[in-house]
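Have a look at the structure below before the remarks.
The values are calculated or read from the model by the stated rules, or taken from the named source; none is laboratory data. Nothing here was measured: the structure is a model prediction, and the numbers come from that model. Quick reminder, even Gly has a Cβ in these numbers, built from the backbone with ideal geometry, and neighbours come from all protein chains shown.
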Amino acid sequence: MEYKEQVLANICSNLNESSLLPKSQGKFKEILRCCGLEKQYNQNSKLLEPYQYVSRGGQTYENLSPTYNLFLGLDNIFSDLYKQKDEEGIVSLLVEIAKHLNTGHIERLDPNLLTLNEKLYDIFQQLANLYNVFGLQLTIDYDNEKFEVKHFTGGIDKRLKDVLVVEEWLKKKSPIAHDAYISAIQSYQNSNPGATIESCRTVITSIFSLYKGADNAKWYRGVANSF
């Protein structure tokens, strides 16, 4: 499994283990249809719908569905999109999911209020860090009581494709730089700035070391030779 797939799996796990996403019948049909992913909904609907309905004696009863598994349903969809290299589909789904996060929790996520739930806040912060890996900034508009997703740069689907190309290049050219790159992302995801900076330094020096030349000069000569 590639690292970006692990990040997507962690996003699915955070949504599954918390109440950030309301458990609502038909919610994922709405989310996926809005992203043009109706096929993926049809393939995973039994995993995504939390309830089933039984009619008996003129009454309709709502029961928990024994096949409901939010993690498995979402993970199936993201894995399918990743294997198809459907960057636009991945980003669209991440953005649409954020639109449906439970706004009733916003008071519990405000660090300035006594209602702050630290466990839920930690989960949200981790989710926001995971979104960052895909060039998305997940934030809370406390004044208007809503969740927002912003792109760090324009053309986010193209940016994600470029990132995947860079990762493949690093993997082929410099395994050391690639490992450090992955370590930097993991450290950032875990809110560890010191380790993130150290890993980024390793990435840069490893790349420029590729271009030092036959005289085995210091790595900074590679900075000039690489341009």
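Values for this structure:
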read-out	value
Enumeration of residues in the stretch 105-115 that are in contact with an Asp or Glu (Cβ under 9 Å, 6 or more places away or on another chain) and either β-branched (Val, Ile, Thr) or under 15 Å from Ser18 (Cβ atoms) (or both)	Ile106, Thr115
Candidate set from the stretch 191-211 (those that are surrounded by 14 or more Cβ atoms within 10 Å (Cβ to Cβ) and of a type in the set (Gly, Ala, Ser)); member that is modelled with the lowest pLDDT	Ser209
Cβ-Cβ under 8 Å pairs, at least 6 apart or on other chains, the stretch 110-136 side small (Gly, Ala, Ser), far side part of a loop (DSSP other than H, G, I, E, B)	Gly135/Phe152; Gly135/Thr153
Qualifying residue in the stretch 8-21 (condition: touching a Gly at 6+ places or on another chain (Cβ under 9 Å) and charged (D, E, K, R))	no
Search result, residues across the stretch 113-147 that are of a type in the set (Gly, Ala, Ser) and more than 18 Å from Ala9 (Cβ to Cβ)	Gly135
Contacts under 9 angstrom Cβ, first residue in the stretch 23-40 being more than 10 Å from His100 (Cβ to Cβ), partner in a loop (DSSP other than H, G, I, E, B), 6 or more apart	Lys23/Pro50; Lys23/Tyr68; Gln25/Glu49; Gln25/Pro50; Gly26/Glu49; Lys29/Glu49
Out of Leu20, Leu32, sole residue that is crowded, with 19+ Cβ neighbours inside 10 Å, under 25 Å from Lys83 (Cβ atoms) and among the hydrophobic types (A, V, I, L, M, F, W, C)	Leu32
All helices (runs of 4 or more DSSP H) inside the stretch 1-114 with 2 or more residues being over 30 Å from Ser183 (Cβ atoms) and not hydrophobic (A, V, I, L, M, F, W, C)	27-34, 38-48, 87-99
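The rows are residues; the columns are (1) loosely packed, with under 14 Cβ neighbours inside 10 Å; (2) within 12 Å of the chain's Cα centre (by Cα); (3) not hydrophobic (A, V, I, L, M, F, W, C).
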{"residue": "Ala98", "(1), (2), (3)": "no, yes, no"}
{"residue": "Asn102", "(1), (2), (3)": "no, no, yes"}
{"residue": "Glu107", "(1), (2), (3)": "no, no, yes"}
{"residue": "Leu130", "(1), (2), (3)": "no, yes, no"}
{"residue": "Gly135", "(1), (2), (3)": "no, yes, yes"}
